[in-house]
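The values are calculated or read from the model by the stated rules, or taken from the named source; none is laboratory data. None of these values were measured; they are calculated from a predicted model. In this analysis, Cβ positions are derived from the backbone assuming ideal geometry, glycine residues included, and neighbour counts consider all displayed protein chains. Please note that ligands, DNA and RNA were not included when accessible areas were found on the heavy atoms of the full protein model with its side chains. Shrake-Rupley method; radii C 1.70, N 1.55, O 1.52, S 1.80 Å.
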Amino acid sequence: MTRQLILSAAAAALVSGAGAVHADDLTLCWAAWDPANALVELSKDFEAQSGHKMSFEFVPWTSFADRMLNELNSGGQLCDLMIGDSQWIGGAAENGQYKKLNDFFAAEGISMDDFIPATVAGYSEWPKGTPNYWALPAFGDVVGWTYRKDWFARPELQAEFKTKYGHDLAPPKTLDELKQIAEFFQNREIDGKTVYGAAIYTERGSEGITMGVTNILYNYGFEYQNPAKPYDLQGFVNSPDAAKGLQFYKSLYDCCVPPGSSDWYMSEDIDAYKSGQVALQMNFAFIWPGVNADPNVGGDKSGYFPNPAGPKGHFAQLGGQGISVVSNTNSPDAALQYIKWFAQPEVQKKWWEMGGYSALKSVVEDPGFATSQPYAQTFLDSMAIVKDFWAEPAYASLLLAMQQRVHNYVVAGNGTSQEALDGLVADWTEIFEDEGKF
């Protein structure tokens, strides 16, 4: 046997195990976005090492939840592996749609202590706060901000901004500073073109405006429930401070966004930023590799900063997903082999290099990580301040209620922020009553 064949056999044994006797076809389901394309390329190594054939089912984000939750709820067999949203974990665990991975992790020496704690809590655990794991952290993500570093650096704009606000035009540390910057750029002419302050999340149909407004609400004191009493919502979801936070988000929308941005989410914000329409862009960290490589706004033209602090805290909305084995798979052993392969430090390092966001500590805590990309330090800073939406089995109903209440206030201008959150408490209370939580 040649040396090359010996190495190939050793690699295959590492992934497949001595008991593997045949190759399986596996289908991995995820959203249709740039990281998924990177995973296709990365997975070619798994195919070469294991002999298994990988197929992929990618669905646009706006219909991802509907499509994949329907697949899980109907008991379909399209997906062997699912990179599902963090909020699905409760329903998938309680309804038996994901395989529990504790025994597998123990047998293979995969420790959740080796991953960023926030991603374990967000993507893997159910019930929350317990060592019951239904996924391996697959893609760390968080809402942060992109800014036109080249515009900020212009001496004439720096001078004008400092005269007006009394401090330097620089990445904001507070939400008030962020709004000042957005106001400063709104309707300004730069290089003969009218530009605007900020692209923010306003989309109503799926999860967009919720994933945007929570970045403000958290920092104004909003809590999902009483920390001492689960499902006790009154005075936490709708506290006066939380209402001020929702009012702030509406003021940012009213003052500082491009015309026609009443139903924007990830792709619309990306388009507005890359086309030079806005100075600031709210978006998940997954976009940063694409921004950095963009011919129009990439390289030194763009910079990155974490979600700024508010008067009551400093948090950012968690994104990202874990990878799970779907219970209905006909190839459970091969699917588990894929997770074992994906968890390897060398694979996780390559995942980061290809544009994926590894949650493995050995990758993100490497001394060279923070300087490996222009946005790497911002990713680390952002992942240290994350909070997440409900992961309850009734997640979809909870989300739809918030989408409606928040959009009706922020975009449509109906009622007050306090009325919107009071209505949300009523909606969520009814949902939890139907779920038997009281």
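Filter region 315-325 for residues that are open to solvent by less than 10 Å² (accessible area, probe 1.4 Å), hydrophobic (A, V, I, L, M, F, W, C) and either within 14 Å of Ile83 (Cβ to Cβ) or out of contact with any Gly (no Cβ under 6 Å at 6 or more places or on another chain) (or both) and give the result.
Within region 315-325, Ala316, Ile323, Val325 qualify.
State which residue pairs qualify: first residue exposed (fewer than 14 other Cβ atoms within 10 Å of the Cβ) and inside region 419-438, second residue among the charged types (D, E, K, R) in any location, beta carbons under 9 Å apart, and separation of 6 or more residues or different chains.
Close Cβ pairs (under 9 Å, with a partner that is among the charged types (D, E, K, R)) amount to Lys437/Glu392.
Any residue at all in region 8-16 that is closer than 26 Å to Pro131 by Cα and at pLDDT below 95?
Yes, that holds for at least one residue.
Does Leu42 satisfy the criteria of being of a type in the set (A, V, I, L, M), farther than 24 Å from Asn283 by Cα, assigned to a helix (DSSP H, G or I) and modelled with pLDDT of 95 or more?
In short, yes.
Say whether the condition of being within 24 Å of His407 (Cα to Cα), open to solvent by 30 Å² or more (accessible area, probe 1.4 Å) and not in a loop (DSSP other than H, G, I, E, B) is met by at least one residue in region 254-262.
Taking every residue of region 254-262 in turn, at least one turns out to be within 24 Å of His407 (Cα to Cα), open to solvent by 30 Å² or more (accessible area, probe 1.4 Å) and not in a loop (DSSP other than H, G, I, E, B).
So, Val237, is that one closer than 18 Å to Trp390 by Cβ, in a helix (DSSP H, G or I) and at pLDDT 95 or above or not?
no
From the set of residues in region 326-366 that are open to solvent by less than 10 Å² (accessible area, probe 1.4 Å) and of a type in the set (S, T, N, Q), which is farthest from the chain's Cα centre (by Cα)?
That would be Gln348.
How about region 53-71: which of its residues are touching a helix residue (DSSP H, G or I) at 6+ places or on another chain (Cβ under 6 Å) and open to solvent by less than 20 Å² (accessible area, probe 1.4 Å)?
Met54, Val59
What are the residues in region 289-298 that are of a type outside the set (A, V, I, L, M, F, W, C) and touching a residue at least 24 places away in the same chain (Cβ under 8 Å), if any?
Within region 289-298, Pro289, Gly290, Asn292 qualify.
Identify, by number, the condition in (1) open to solvent by 10 Å² or more (accessible area, probe 1.4 Å); (2) more than 24 Å from Trp88 (Cβ to Cβ) that Phe369 doesn't meet.
(1)
Do we find a residue being among the charged types (D, E, K, R), over 20 Å from Ser124 (Cβ atoms) and part of a helix (DSSP H, G or I) anywhere in region 400-407?
Scanning region 400-407 turns up at least one residue that is among the charged types (D, E, K, R), over 20 Å from Ser124 (Cβ atoms) and part of a helix (DSSP H, G or I).
Restricting to region 260-288, what's the tally of residues that are in contact with a strand residue (DSSP E or B) (Cβ under 8 Å, 6 or more places away or on another chain) and free of Cβ contacts under 8 Å to residues at least 24 places away in the same chain?
Qualifying residue count for the region: 1.
Which of (1) outside any helix (DSSP H, G or I); (2) without any contact (Cβ under 8 Å) to a residue 60 or more places away in the chain is the odd one out, the single condition Gly84 does not satisfy?
With (1) outside any helix (DSSP H, G or I); (2) without any contact (Cβ under 8 Å) to a residue 60 or more places away in the chain applied to Gly84, the lone miss is (2).
Residue under question is Gly320, and the condition is that it be within 17 Å of the chain's Cα centre (by Cα) and either more than 21 Å from Met54 (Cβ to Cβ) or not in a loop (DSSP other than H, G, I, E, B) (or both); does it hold?
Yes, satisfied.
Condition (residue is more than 18 Å from Ala182 (Cα to Cα) and polar (S, T, N, Q)) applied to region 306-314: is it met by at least one residue?
no
Condition first: surrounded by fewer than 16 Cβ atoms within 10 Å (Cβ to Cβ) and either closer than 21 Å to Ile339 by Cα or hydroxyl-bearing (Ser, Thr, Tyr) (or both). Now tell me which residues in region 77-100 satisfy that.
Passing the criteria: Gln77, Gly96.
Considering only region 55-69, I want to know if a residue exists there that is outside any loop (DSSP other than H, G, I, E, B) and over 24 Å from the mean Cα position of the chain (by Cα).
No, region 55-69 contains no residue that is outside any loop (DSSP other than H, G, I, E, B) and over 24 Å from the mean Cα position of the chain (by Cα).
Restricting to region 101-120, name every residue that is crowded, with 22+ Cβ neighbours inside 10 Å and either assigned to a helix (DSSP H, G or I) or among the small types (Gly, Ala, Ser) (or both).
Within region 101-120, Thr119 is the sole residue that qualifies.
Look through Ser50, Ser74, Ser86, Ser111 and report the one residue that is hydroxyl-bearing (Ser, Thr, Tyr) and under 22 Å from the mean Cα position of the chain (by Cα).
Result: Ser86 is the single residue among Ser50, Ser74, Ser86, Ser111 that is hydroxyl-bearing (Ser, Thr, Tyr) and under 22 Å from the mean Cα position of the chain (by Cα).
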